[in-house]
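Scroll down for the structure; my scribbles are underneath it.
The values are calculated or read from the model by the stated rules, or taken from the named source; none is laboratory data. All of these numbers come straight from a predicted model, not from anything done at the bench. Cβ coordinates were reconstructed from backbone atoms using ideal geometry, including for glycine residues, and neighbour counts include every protein chain displayed. The protein model used for the area step is the full one, side chains on, heavy atoms only, and it has no ligands, DNA or RNA in it. Shrake-Rupley method; radii C 1.70, N 1.55, O 1.52, S 1.80 Å.
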Amino acid sequence: MNDTVRTAVIGAGITGITTAYQLARKGADVTVFEANPYPAMETSYANGGQLSASNAEVWNSIPTMIKGVQWMFSAGAPLLMNPKPSWHKYSWIAEFIGAIPNYEKNTLQTVKWALDARNQLLEMAKAENIDFDHEETGILHFYETKHQFEVAEKVTALLKKGGLERRPVTIEEIAKIEPTLKGEIYGGFYTESDFTGDIHKFTSALAKACTKRDVEMRLSTTVEKLRTEDGKIAVFSRVEDKHGSSSPGQSKEVFDQIVICAGVHSRKFAAMLGDRLNIYPVKGYSITINLEDEANQAAAPWTSLLDDNAKLVTSRLGKGRFRVAGTAEFNGFSKDIVWGRIAPMLNWCHRHFPGMSTSSYISWAGLRPMMPNMLPRVGKGNRPGVFYNTGHGHLGWTLSGATSDIISELVISERAA
Ligand SMILES: Cc1cc2nc3c(=O)[nH]c(=O)nc-3n(C[C@H](O)[C@H](O)[C@H](O)COP(=O)(O)OP(=O)(O)OC[C@H]3O[C@@H](n4cnc5c(N)ncnc54)[C@H](O)[C@@H]3O)c2cc1C
């Protein structure tokens, strides 16, 4: 292997850091560019925490479309669409509809990656001794009506085709699996093999492990332009100091290969490199409740939950934190936290966990980098040396272990060639 081959990775979220780590482990010379002063400060900061093969169903289906349209006219619904026309949004919706015929194929692909990813991620955590508040208590999907449960039965059969076992559970079994859960429940499906963890803790620790493996971390460095030049890739960037002022000049560095892992900003970099990636920023929210005393700790669930009706997911992050996340807003790049989206999550907690206080919590909003067919783009670009590992949408935490392995193999095999 030629050690002078240089590879740039753009973005230090979960996709960028797992990519850099896998590349470094395979002997590559890697430089990561990240606009923030620390890794994992954007979408990989406070997500739902679920590593959920059981949530691998893609959204491209007629029933989901009908539900989506109904939600658009209901206040506090899990989906919000700003009707203001934008070519980006409407072209994305057109491609989303165009992917409906691939619903089954794309769901099976997602399950396969999610199952592969579990081992990869746990292996990285073990190799680097990473504590990420990882809980192996499974994921329980629960439903309020018989109809919802029957729809989920069909999804379960499809997931089984992809190799995932999730078993039906009665309300009596649900009460045993998660005794703190209250409210109107018809039944559920339980996936023992799924698990949860803190994406920010994991990514930050893996970034440190990358540095130990000689990955160069260019933090506080915004990439402004990419250009292919004589079969190489020029990266034009600017360093910003802690107080937000920029260095006077833009610097240029040339790399042999580049992997784009820039989350919702990958679309613009792809355009600079002659590729089209129609990633749309789909906004979501989370609240992280501080469980400050023993009574609250006992009243909050340990099993990770997915409420199919409210489209909310939960994870227990150690003894002292409980996270609830969800909602999907098609509203451009704004990350403003809107009270009208936080209140339904708090109300949901009061309804399902009446003994748990929400007097202390932190709200957060992030942008899911969503492809219209719901599959991440993992592979080569049109030009030599250009690669993508991005567009993981609502499952970036679940899938990155697998997609980083695939992309690092491709990058290394191109180097060898
Ligand atoms: C509310 C919510 C709940 C979620 N829950 C789950 C869940 O339970 N399970 C799950 O699997 N997934 C979940 N997700 C999805 C998951 O969090 C994302 O798919 C994942 O974090 C995306 O990672 P990323 O690396 O692609 O993007 P990011 O984490 O956003 O990383 C991209 C990085 O690129 C950097 N960057 C961009 N432009 C530039 C530039 N010009 N120069 C330098 N750096 C740049 C950014 O600063 C950023 O750090 C959830 C998402 C949300 C919003």
Checklist outcome for this item: Reported set for region 53-62 where residues are away from the ligand (no atom under 12 Å from the Cβ) and hydrophobic (A, V, I, L, M, F, W, C) is Val58, Trp59, Ile62
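Here are some residues: Arg383, Arg415. Which one is surrounded by fewer than 21 Cβ atoms within 10 Å (Cβ to Cβ) and assigned to a loop (DSSP other than H, G, I, E, B)?
Values: Arg415 fails: assigned to a loop (DSSP other than H, G, I, E, B).
Only one candidate qualifies: Arg383.
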Checklist outcome for this item: Checked region 182-196 for anything within 16 Å of the ligand (Cβ to nearest atom) and part of a loop (DSSP other than H, G, I, E, B); matches are Ser193, Asp194
Checklist entry - Any chance region 387-395 includes a residue that's within 8 Å of the ligand (Cβ to nearest atom), crowded, with 24+ Cβ neighbours inside 10 Å, in contact (Cβ under 8 Å) with a residue 60 or more places away in the chain and assigned to a loop (DSSP other than H, G, I, E, B)? => result yes
Next on the checklist: Just to verify a result, which residue in region 196-233, among those that are on the phi > 0 side of the Ramachandran plot and of a type in the set (Asp, Glu), is surrounded by the most Cβ atoms within 10 Å (Cβ to Cβ)?
Outcome noted: Asp214
Checklist entry - Identify, please: which residue in region 288-325 is within 10 Å of the ligand (Cβ to nearest atom) and β-branched (Val, Ile, Thr) and is, among those, farthest from Phe189 (Cα to Cα)? => result Val324
Checklist entry - Got at least one residue in region 20-39 being within 7 Å of the ligand (Cβ to nearest atom) and surrounded by fewer than 20 Cβ atoms within 10 Å (Cβ to Cβ)? => result yes
Item to check | Filtered residues of region 167-184 (kept if touching a residue at least 40 places away in the same chain (Cβ under 8 Å) and open to solvent by less than 30 Å² (accessible area, probe 1.4 Å)) | outcome: Glu178, Thr180, Leu181
Checklist entry - What strands (runs of 3 or more DSSP E) completely inside region 306-380 contain at least 3 residues that are open to solvent by less than 20 Å² (accessible area, probe 1.4 Å)? => result 312-317, 321-330, 361-370
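The rows are residues; the columns are (1) more than 15 Å from the ligand (Cβ to nearest atom); (2) at positive phi; (3) of a type outside the set (Gly, Ala, Ser).
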| position | (1), (2), (3) |
| --- | --- |
| Ser44 | no, no, no |
| Gly48 | no, no, no |
| Leu51 | no, no, yes |
| Thr64 | yes, no, yes |
| Val69 | yes, no, yes |
| Leu80 | no, no, yes |
